[in-house]
Amino acid sequence: MRKMPVYVGALAVALAGTMVTASVPVSATTVTTAGVSSAGRTTWLNPGQRLDAGDSVRSSGGEYVLQQQDDGNLVLYRGTTPLWSSQTGDSPGAFAVMQDDGNLVVYRGRTALWASNTGDAPGARLAVQDDGNLVIYSGKTAVWSRHSTISVLKPGYPLKANQYVRSHNGDYQLVMQDDGNLVLYRASRPLWSSRTGGKTGAFAIMQKDGNLVVYLGTTPLWDSGTGKNPGARLEVQDDGNVVIYDGTDPLWSTKTGR
């Protein structure tokens, strides 16, 4: 496929992470050409297709480009401005593949570095949209976007304004709102919040010490009180409860489970 220029630098955009689960062997993916729209510009990455270093997927209008860089980072650009990345820089030779099971995965060799965690959506494909969004669709249903993380927020990963973690079943979303409030929703109904509204620019982070913290700049506004548990993770469960786990031990929850 046509190759785009590689922009210099890792450009690891600090966005929400995803749990890496890669269920289809690399050897099962052999097609390397992405789908092309009637306008002649690449729009879709279809099941079984991959992006090697220097390959790209362009929105149908041409404004947005998803680039698999030589440094291993998968980056969405608008012009030369990075909007999202897989945070897999410093991994030369890495490639991205839209697996037949619906999972978008960045590999280096046979090692999965990042995944969309959508491996339960066989036949799903990735769209680079004219509105600047990256979306994985299963049929007409969106199962992942660049603003979302599925189920788990891993240690060290933040949630910035308008990013969210949703449950596997899609019923619940933990949203970092642009007003600074971290809110758990079922549909449009709020179930829990950090009560940090009115703090535009605030963000949440699942710290490596196990503490979930909402910050405005370097000032903490709220925390889960679960520090001193390195490696703990946050999960948005299908029952509506948000839980911080250390291994299998629950440390904190929103107490909103059905």
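Things worth noting here:
- Qualifying residue in the range 234-244 (condition: more than 18 Å from LEU174 (Cα to Cα) and either at pLDDT 95 or above or not β-branched (Val, Ile, Thr) (or both)): no
- Hey, ARG108 surrounded by 18 or more Cβ atoms within 10 Å (Cβ to Cβ), modelled with pLDDT of 95 or more and over 17 Å from VAL65 (Cβ atoms) or not: no
- Being modelled with pLDDT under 95 and outside any loop (DSSP other than H, G, I, E, B) is a property that PRO250 lacks.
- Taking (1) open to solvent by 10 Å² or more (accessible area, probe 1.4 Å); (2) within 18 Å of the chain's Cα centre (by Cα); (3) farther than 22 Å from GLN163 by Cα in turn, PRO82 satisfies each apart from (3).
- One residue alone among GLY240, GLY225 is of a type outside the set (Phe, Trp, Tyr) and loosely packed, with under 15 Cβ neighbours inside 10 Å, and that residue is GLY225.
- Subset tally (residues that are of a type outside the set (Gly, Ala, Ser) and in a strand (DSSP E or B)) for the range 203-218: 8
- Residues of the range 111-128 classified as buried (at least 18 other Cβ atoms within 10 Å of the Cβ) and not aliphatic (A, V, I, L, M), total: 6
- The single condition among (1) assigned to a loop (DSSP other than H, G, I, E, B); (2) small (Gly, Ala, Ser); (3) under 22 Å from LEU159 (Cβ atoms); (4) open to solvent by 10 Å² or more (accessible area, probe 1.4 Å) that GLY132 does not meet is (4).
- Scanning the range 194-220 for residues that are under 14 Å from TYR157 (Cβ atoms) and among the polar types (S, T, N, Q) yields GLN207, ASN211.
- Residues that are closer than 25 Å to THR43 by Cβ, small (Gly, Ala, Ser) and within 14 Å of the chain's Cα centre (by Cα), drawn from the range 134-174: ALA142, SER145, SER148
- Residue within the range 177-195 that is of a type in the set (Gly, Ala, Ser), under 22 Å from LEU221 (Cβ atoms) and either open to solvent by 50 Å² or more (accessible area, probe 1.4 Å) or without any contact (Cβ under 8 Å) to a residue 24 or more places away in the chain (or both) present: yes
- Residue ID - farthest from the chain's Cα centre (by Cα), chosen from residues in the range 61-79 that are open to solvent by 40 Å² or more (accessible area, probe 1.4 Å) and on the phi < 0 side of the Ramachandran plot: GLY61
- For the range 152-173, the condition of being among the acidic types (Asp, Glu), at pLDDT 95 or above and either buried (at least 21 other Cβ atoms within 10 Å of the Cβ) or under 26 Å from GLY247 (Cβ atoms) (or both) holds for none of the residues.
- Only a single item in (1) modelled with pLDDT of 95 or more; (2) open to solvent by 50 Å² or more (accessible area, probe 1.4 Å) is not met by ASP55, and it is number (2).
- On the stretch given as the range 70-95, residues that are under 20 Å from THR43 (Cβ atoms) and in a loop (DSSP other than H, G, I, E, B) total 2.
- Those residues of the range 58-69 which are at pLDDT 95 or above and part of a strand (DSSP E or B), in sequence order: TYR64, VAL65, LEU66, GLN67, GLN68
The values are calculated or read from the model by the stated rules, or taken from the named source; none is laboratory data. These figures come from a predicted structure and were not determined experimentally. With ideal geometry, Cβ positions are generated from the backbone for all residues, glycine too; neighbour counts draw on all protein chains shown. Calculation scope for accessible area: heavy atoms of the full protein, side chains included, ligands and nucleic acids excluded. Shrake-Rupley method; radii C 1.70, N 1.55, O 1.52, S 1.80 Å.
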